[in-house]
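For reference, the structure is listed below as structure tokens.
The values are calculated or read from the model by the stated rules, or taken from the named source; none is laboratory data. Computed from a predicted structure; not experimentally measured. Cβ placement follows ideal geometry from the backbone for every residue including glycine, while neighbour counts extend to all protein chains displayed. The accessibility values were calculated without ligands, DNA or RNA, using every heavy atom of the protein model including side chains. Shrake-Rupley method; radii C 1.70, N 1.55, O 1.52, S 1.80 Å.
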Amino acid sequence: MNDHTPTSLLDSDKRHLIHPLHHPNEHAHAHIFVEGKGAILRTADGTEYIDGLSALWNVNVGHGRKELADAAAEQMAKLAYASAYTGFSNEPAIRLAERIVNLCYGNMAAAYFTTSGAESNESAFKIARYYWKRMGKPNKVKIISRQYGYHGVTLAAMSATSLPGYHKMFGPLVPEFLQVAPPYQYRWPGNGDAGIGAADSVEAAIEEQGADTIAAVIAEPVMGAGGVIVPPPTYFPRLREICDRHNVLLIADEVITGFGRTGRWFALGHWGVQPDLMSFAKGVTSGYLPLGGVVVSKPVHQAMEDAPMDERFMHAATYSGHPACCAVGLRNIDILEREALPERAAVMGKKLLTSLETLRSLPIVGDVRGLGMMCGVELVEDQGSRKPAIGPGGRVVAEAMKRGLIIRQRGGGGTPVSGDSLCIAPPLMTPEATLDRLVNIVGESIQAVM
Ligand SMILES: Cc1ncc(COP(=O)(O)O)c(C=O)c1O
């Protein structure tokens, strides 16, 4: 099948391939990527684009890293795959679990591997329920998440996700999942602190439902797909305190924020908080091979270690601990460390945010926010009233594409009602000049739409 021209490839794509979030109208003129180098992607017709979202917030070390391909090839030639089910193991999985546990939070003990973010969260929900059953509290099963949260689209992860578009054609949701207010300062009513208010709404839900029914709260440290919502500094310390007070586990969904994205290896450290479970994926391999996982705290790990045979952790997946994926994860962490990319994300992210702030001079730019190399620009009809702009986001993304920049947007609407938000998260190694170009293109694209 080497006889495809770009046109016949597109034709075959339209006939045979179902895409994530598929709709044929949006896929009429698909861009077929053929090559990536650093922060630049090239399509089959030779056009180059700045990858302003690190593909899907995942290519943290940038494209075209031959040493990651070498790590995969070396491991595949030696042992591409072997079962990691009980009684079996492999060196890359062991070494990567140890490395991640040591890199993340001080209270963490062990890691379970998956191959995606959604599977990581599914696993985290099951681990939370498992833990409470082991503790003699079998009714603690409910999962609290936040409006604008995105946790993946498998059935339970979709039920924790709170962006209505993801529910409409796939309901009903899994029972025992409930959603509360996000720490969304720009859309918080009145002059109150959204950090305190949103944490208190978690507590109100726990009290209303009964703490003895709640297994866990899941939260992205910075909400990504929901429009890059950075919590006020009060939020996570208070949420941690509430979870402790009510015996509820805190799951940090660090699928985007992990592995340097926010300017630290893992994001809750910004606020001095440790979770009980941490989901990860994406940046662990910078997307070079699929990998994810859940890191668990010492007490949760102990509950697995002490279990009688008939209460064993009966959760599994063929590709848990996949040797080739784990070998790539190890080499990716080598790169992040060697090039100090989390530290670079802190410094360059600040510069990126400062440049994006200049866009506030455009009348449809309402809010500009960010932490490290993840930023959001929310569009409004009117800066004074903050009336949400619903619709222009997609046009801004299209204008940016015309000018050689790929970004995404989160459509407006939702609860609380908000404007379209542009999401910007380039690779952590993106050169400063490319970041400047990115900001210019975002500005020009917004102006073109105005
Ligand atoms: C915070 C968060 N959690 C989970 C997921 C789901 O990951 P995946 O698409 O690998 O299932 C995503 C994907 O964007 C995400 O941003």
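Quick look at the values:
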quantity: Residue within segment 257-270 that is touching a strand residue (DSSP E or B) at 6+ places or on another chain (Cβ under 6 Å), part of a strand (DSSP E or B), under 28 Å from SER83 (Cβ atoms) and within 16 Å of the ligand (Cβ to nearest atom) present; calculated: no
quantity: Complete set of residues in segment 338-360 that are touching a helix residue (DSSP H, G or I) at 6+ places or on another chain (Cβ under 9 Å) and polar (S, T, N, Q); calculated: SER355, THR358
quantity: Odd one out for VAL101 among (1) open to solvent by 30 Å² or more (accessible area, probe 1.4 Å); (2) under 26 Å from PRO342 (Cα atoms); (3) among the β-branched types (Val, Ile, Thr); calculated: (1)
quantity: Neighbours by Cβ (under 7 Å, 6+ apart or cross-chain): first from segment 81-97, within 18 Å of ALA109 (Cα to Cα); second open to solvent by less than 30 Å² (accessible area, probe 1.4 Å) and in a loop (DSSP other than H, G, I, E, B); calculated: ALA93/GLY321
quantity: Answer from GLU207, GLU176, GLU98, GLU119 - the residue that is within 14 Å of the ligand (Cβ to nearest atom) and modelled with pLDDT of 95 or more; calculated: GLU119
quantity: Residue pairs meeting the criteria (Cβ under 7 Å; at least 6 apart or on separate chains; first of a type in the set (Lys, Arg), in segment 389-415; second in a helix (DSSP H, G or I) and open to solvent by less than 40 Å² (accessible area, probe 1.4 Å)); calculated: ARG395/VAL449; ARG403/ILE441; ARG403/SER445; ARG408/VAL397
quantity: Residue count for segment 40-83, restricted to those that are outside any helix (DSSP H, G or I), in contact with a helix residue (DSSP H, G or I) (Cβ under 7 Å, 6 or more places away or on another chain) and away from the ligand (no atom under 16 Å from the Cβ); calculated: 8
quantity: Whichever residue in segment 1-28 is of a type in the set (S, T, N, Q) and open to solvent by 80 Å² or more (accessible area, probe 1.4 Å) and, among such residues, is nearest to MET373 (Cα to Cα); calculated: ASN25
quantity: Options GLY391, GLY404, GLY414; residue that is open to solvent by 10 Å² or more (accessible area, probe 1.4 Å), at pLDDT below 95 and at positive phi; calculated: GLY414
quantity: Residue among VAL295, VAL284 that alone is over 13 Å from the mean Cα position of the chain (by Cα) and of a type in the set (Val, Ile, Thr); calculated: VAL295
quantity: Among residues of segment 29-45, those that are open to solvent by less than 40 Å² (accessible area, probe 1.4 Å) and over 19 Å from GLY62 (Cβ atoms), counted; calculated: 1
quantity: Among residues of segment 287-317, those that are open to solvent by less than 10 Å² (accessible area, probe 1.4 Å) and either within 13 Å of the ligand (Cβ to nearest atom) or out of contact with any helix residue (DSSP H, G or I) (no Cβ under 8 Å at 6 or more places or on another chain) (or both), counted; calculated: 5
quantity: Enumerated strands (runs of 3 or more DSSP E) restricted to segment 142-223, each holding at least 1 residues that are open to solvent by less than 10 Å² (accessible area, probe 1.4 Å) and among the small types (Gly, Ala, Ser); calculated: 142-146, 214-219
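Here's the yes/no breakdown for (1) within 23 Å of the chain's Cα centre (by Cα); (2) part of a helix (DSSP H, G or I):
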residue	(1), (2)
GLY372	yes, no
LEU379	yes, no
ILE390	no, no
GLY393	yes, yes
MET429	yes, no
